[in-house]
Amino acid sequence: MKKYGFGVDIGGTTCKIGLFETTGALIEKWEIQTRRENNGENILPDVAASIAKKMVDREISKTDIQGIGIGVPGPVTSEGVVMRCVNLGWDVINVAKDMTERTGFHVKVGNDANVAALGEMWQGGAKGHKDVVMVTLGTGVGGGVIVDGKIVTGCKGAGGEIGHIIINQEEEECCGCGRKGCLEQYASATGIVRMAKQRLAGTADETALRTAEPLTAKDIFDAAKAGDAVADEIVEEMTKILGGALADIACIVNPEVFVIGGGVSKAGSIITDRVKKYFNDKTFHACRDAYFELATLGNDAGMYGCVQMVLE
């Protein structure tokens, strides 16, 4: 008899929900609005109601459900306690306990970047590996560290916060976290645009980037691929910084594979090839030759990872 699990990726705008077979097959996915008003008090009741409705629609019995996995954009302890989540309006909340009481199911909760890493390990770019570091390059830089198939959570759920490694002690501008010199200020979509604007303001070099308004990370990578020298220099600097940061991370967890995801990863091999070059130049000799792969599950990675948590 088939068994099922639900994967729920809670974002600031929508909650992505997937119904999976426990084999890893995605049966159906849908979205509901994330109602953040009143400190997000409606979010979990809305998710529980949506899952209950889907079970009725598909005539799925409670005994056929293995559990619910939930990913949230904030630090989460191993007990399923969210340690404050600004994007959702939550303070400290035990999401696992709350959702178990609402649904009667086994519930596991994780940070959204961590569960995306689990998803890529289970059915995506890192399939077949158990020691994985995933880096998500989007508006910010997220990360997930997996050792022997298990997420490194940390005592307060902040394990894998790769984006806030300090890589420049001389930086004068603040990162969104309030500190200065974080990896996120250079390797994210907003970070590479910031570097490009600084470069353009400091020189009179001819480049197609001067005509892009507003300038985006995609513009920079597209121009570099087309042979624009200035854009290529900016991409080279970004990948050098990222490769160096991952080289340091490898000295701690020694992964088999790095998976690069997020919107910036759509640039493709221009990122992975260059990051790998700088990684191998800078890392400890025993950590060299790690694989570098692009994420393959896209925005569904979090849902996959949420279900994988339940099946552990």
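Every read-out reported here was derived from the displayed coordinates using simple, explicitly stated rules and does not represent laboratory data. None of the values given here were measured: they were computed from a predicted structure. Cβ coordinates were reconstructed from backbone atoms using ideal geometry, including for glycine residues, and neighbour counts include every protein chain displayed.
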Counting only Cα, what are the radius of gyration and maximum Cα-Cα distance Dmax of the range 125-296, in Å?
15.9, 50
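Report the relative contact order of the range 125-296, percent, no decimals, based on alpha-carbon pairs under 8 angstrom and at least 6 residues apart. Please list the in-between numbers first.
Working: 303 pairs, mean separation 43.7, N = 172.
This gives 25 percent for the range 125-296.
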What lysines could a cross-link reach from Lys62, if we take a straight Cα to Cα line under 20 Å and drop same-chain neighbours fewer than 8 places away?
Lys2, Lys3, Lys29, Lys53, Lys54, Lys97, Lys108
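Kirkwood hydrodynamic radius for the chain: how many Å is it when counted over pairs of different Cα atoms? List each step's numbers first, then the result.
Working: mean 1/r = 0.0495 Å⁻¹.
After inverting the pairwise mean of 1/r, the radius is 20.2 Å.
Taking a ≥ b ≥ c as the square roots of the eigenvalues of the Cα gyration tensor of the range 211-303, is the shape rounded (a/c under 1.5), prolate (a/b larger than b/c) or oblate?
The shape class here is oblate.
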Which value, in debye to the nearest 20, gives the size of the charge dipole of the range 125-296 about its Cα centre, when Lys and Arg are +1 and Asp and Glu are -1 at the Cβ?
500 debye
Give, rounded to the nearest 20 debye, the magnitude of the charge dipole that the range 213-272 has about its Cα centre when Lys and Arg contribute +1 at Cβ and Asp and Glu contribute -1 at Cβ.
240 debye
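Taking every pair of alpha-carbon atoms in the range 4-111, give the share separated by more than 23 Å as a whole percent.
Numbers: 1182 of 5778 pairs.
Tail of P(r) above 23 Å: 20 percent of Cα pairs.
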If the cut-off is a Cα-Cα distance under 13 Å, which aspartates and glutamates reach Lys218, setting aside same-chain residues fewer than 8 apart in sequence?
Asp232
Please work out whether the range 100-140 counts as rounded, prolate or oblate from its C-alpha gyration tensor, where a ≥ b ≥ c are the square roots of the eigenvalues and a/c under 1.5 means rounded, while otherwise a/b larger than b/c means prolate and anything else oblate?
oblate
Placed amide H near Gly71: partners under 5 Å, 5+ positions off or other chain:
Val8, Asp9, Ile10, Gly110
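Would you mind classifying the range 273-312 by shape? Square roots of the alpha carbon gyration tensor eigenvalues, ordered a ≥ b ≥ c; an a/c under 1.5 is rounded, otherwise it is prolate if a/b is larger than b/c and oblate if not. Walk me through the intermediate numbers first.
Numbers: a/c = 5.06, a/b = 2.17, b/c = 2.33.
In terms of gyration-tensor shape, oblate.
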The range 94-170-the range 195-221 distance, computed between alpha-carbon centres (Å)
33 Å
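In deg cm²/dmol, rounded to 500, what helix-only [θ] at 222 nm does the chain give when every DSSP H run of at least 4 residues adds -39500 (n - 2.57) and the total is split over its residues? Let's see the in-between values first.
Numbers: 10 runs with 117 residues, N = 312.
So the calculated ellipticity at 222 nm is -11500 deg cm²/dmol.
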Antiparallel DSSP bridges in the chain: what percent, to the nearest 5?
60 percent
Treat each spin label as a single point 7 Å out from the Cα along the C-beta direction, and report the Lys53 to Ile270 distance in nm.
4.3 nm
